[in-house]
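Asks: This is the structure I want to talk about, given as structure tokens.
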Amino acid sequence: MPGGILFKCRMKRQNVRTLSLVVCTFTYLLIGAAVFDALESETESRRWEFLQSVRNNFMKKYNITHEDYRMLEIVIIENKPHKAGPQWKFAGAFYFATVVLAMIGYGHSTPVTIGGKAFCMGYAMVGIPLGLVMFQSIGERLNKFASVVIRRFKRYMRCKETEATEMNLMMATGLLSSIIITTGAAVFSRYEGWSYFESFYYCFITLTTIGFGDYVALQNDSALINKPGYVALSLVFILFGLAVVAASINLLVLRFMTMNAEDIRREEAEAQIAAGHTFAYQSDVNLSEKWVRGQSNYCTPDIDEQMSVCSCTCLGGTGCINHELLLDPGYHPTDIITSSLEPGEGICVKYGEEEALVFTDNPSL
């Protein structure tokens, strides 16, 4: 059956697409590994050799054993978070909860008690989906606002096309993301004492939710306690920045879903045509044109009525639940198509560049 063959072809194309994405992703991973190896491996070796030399000199100078040195390391590592001030008072706990909900996970402070660890897992299970939905919703609102601004700007500039395209929205969200990151980098460079490049790196790693933890804000001079304004600014940067990033991701996901939907509709139309049917989705069909047998092979816009066909695939009858609920039992799409036509006339059904004809003297599809 042609429809079955096309269905198998569609599945094969989708499988090929998925396999191609997997291969491209793993290739990208291999390229990234090779580049990082070339850039970081030698420096890592030199740093390790230097630290080993410092450790040996320290142990000789103060005549301490390996066990004592190891204990000293543990004390220094464990003391590092406390140098930033209390991490679990309300301001610090709120900062930690924000990092958990946003899936950044710096690792600058972690729960120590069993109760804290158990609550963190339950809190994350509820908070992460809630945060994703919130950021996605805010991102959609930002895209809507950007589309309104773009339309008004195009009207003001008297452009022929005034609608906001996906490319326009991507450029707008990309510009806004760049402004947030560059501005945030300047602010954190001032407050944290980092270079501008280090601050830019921190902002990017934060807003992409990578969160390595090598640079963490609010960890100097007991900022969580002594600088409430800076704490609030950092939280606003994280939340608003993630919302803008979510807007960009929303556009990318929407574009991918649109491409998938277009491919599916096109393939379904091809399957219907191959099976001898002229069914198509209402949104993709142009039924506003008549064909008259014997005239030139083109459609003439000589029709007064707007006609449509049902958007389901059953072609009428009582076997479809949509028709059982909405339509008369004797409904059939060809009744609508042929009822407004004179003998010898037909409907030009278009799907993209494909056309099919239905004539009243031969209504079988």
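Rule-based calculations on the coordinates, nothing more; no lab input. These numbers come from a predicted model, not from an experiment. Note that each Cβ is placed from the backbone with ideal geometry, even for glycine, and that neighbours are counted across all protein chains shown.
Asks: If a/c stays under 1.5 just call it rounded; otherwise compare a/b with b/c (prolate if a/b is bigger, oblate if not). Do that for segment 13-83, with a ≥ b ≥ c from the square roots of the Cα gyration tensor eigenvalues.
Replies: Here segment 13-83 falls in the prolate category.
Asks: Of LYS83/LYS117; LYS12/LYS144; LYS80/LYS117; LYS60/LYS80; LYS117/LYS227; LYS154/LYS227, which sit over 32 Å apart, Cα to Cα?
Replies: Violating the 32 Å limit, Cα to Cα: LYS12/LYS144; LYS154/LYS227.
Asks: From the phi of every residue in segment 243-250, what ³J(HN,Hα) in whole Hz does the Karplus formula 6.51 cos²θ - 1.76 cosθ + 1.60 yield, where θ is phi - 60° and glycine or proline is x?
Replies: Coupling constants for segment 243-250: 5, 5, 4, 4, 4, 5, 5, 4 Hz.
Asks: Given labels modelled 7 Å from the Cα in the Cβ direction, how far is it in nm from MET103 to ASN226?
Replies: Once both label points are built, they end up 3.7 nm from each other.
Asks: Determine, from the Cβ-Cβ distance of LEU21 and ILE249 and an R0 of 22 Å, the FRET efficiency 1/(1 + (r/R0)^6), rounded to the nearest 0.05.
Replies: According to the calculation, E is roughly 0.85.
Asks: Along the charge dipole of segment 13-83, Cβ charges K/R +1 and D/E -1, which of VAL54, MET71, ASN15 sits furthest on the positive end?
Replies: ASN15
Asks: Counting Lys and Arg as +1 and Asp and Glu as -1, each charge on the Cβ, what is the dipole of segment 113-271 about the Cα centre in debye, to the nearest 20?
Replies: 700
Asks: Give me a comma-separated list of calculated 3J(HN,Hα) values for segment 198-209, in order, Karplus coefficients 6.51, -1.76, 1.60 applied at θ = phi - 60°, integers in Hz, x for any Gly or Pro.
Replies: Result, rounded to whole Hz: 4, 5, 4, 4, 4, 4, 5, 5, 6, 6, 8, 6.
Asks: By what distance, in whole Å, do the Cα atoms of segment 85-268 stretch along each of the three principal axes, largest value first?
Replies: Cα spread of segment 85-268 along its principal axes, largest to smallest: 59, 40, 23 Å.
Asks: Which whole-Hz ³J(HN,Hα) couplings does segment 20-36 yield from phi under the Karplus relation 6.51 cos²θ - 1.76 cosθ + 1.60, θ = phi - 60°, glycine and proline marked x?
Replies: Rounded to whole hertz, the list is 5, 5, 4, 5, 4, 5, 5, 5, 4, 5, 5, 5, x, 4, 5, 5, 4.
Asks: Okay, moving on. When only C-alpha pairs under 8 Å and at least 6 residues apart count, what is the relative contact order of segment 85-268, in percent?
Replies: 33
Asks: Also: In nanometres, what is the gap between the two model label sites at TYR123 and ASP68, each 7 Å from Cα along Cα-to-Cβ?
Replies: Modelled inter-label distance: 4.0 nm.
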